[in-house]
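Notes follow the structure.
Read-outs throughout are calculated quantities, based only on the coordinates presented, and are distinct from any laboratory measurement. Small disclaimer: the values here were computed from a predicted structure and weren't measured. No Cβ is skipped: glycine too gets one built from the backbone with ideal geometry, and neighbour counts run over all protein chains shown.
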């Protein structure tokens, strides 16, 4: 006889003895305890308490009517700002290869109502740009050019699939230093 088989028989025998003992305990004469419990329940039922007040009737509140098409999906971002997505199809200019912090405005040129800004790039070249052109690596679009500064509106990814708009000023640089502008 193997060890595992003998141990299994021992456990089976112990389980049967426990089952028989529990069966015999359940069959014992417990009528005194049962009779006492029945008397207690009868005495409690005879006690008269205060009548229970009826529940108040609540009016059903009027909920605002909403259209299912206008309900927001709880699994989508709170703000859908895909309309801020930059124009990725535009032809990239040479000034989009540099970070905005590497570019310096060195002057302006104008003819009638048209204004161009002169930009010094890290490659040593001077470029001309006008309102509407892109500059910098973050889809920066030139929104205005004045003799003191260029205003650039950068479109940055928010990391959640949306876009943020950040406005930066590129002040004019005089002899290698940027002018303090308000």
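Summary table below
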item: Burial order of peptide ranges 123-131, 42-50 (average beta-carbon count within 10 Å, highest first); result: 123-131, 42-50
item: Cβ crowding within 10 Å averaged over residues, with 146-153, 95-102, 132-139, 58-65 ranked highest first; result: 132-139, 146-153, 95-102, 58-65
item: Order of 40, 75 under a 10 Å beta carbon neighbour criterion, fewest first; result: 75, 40
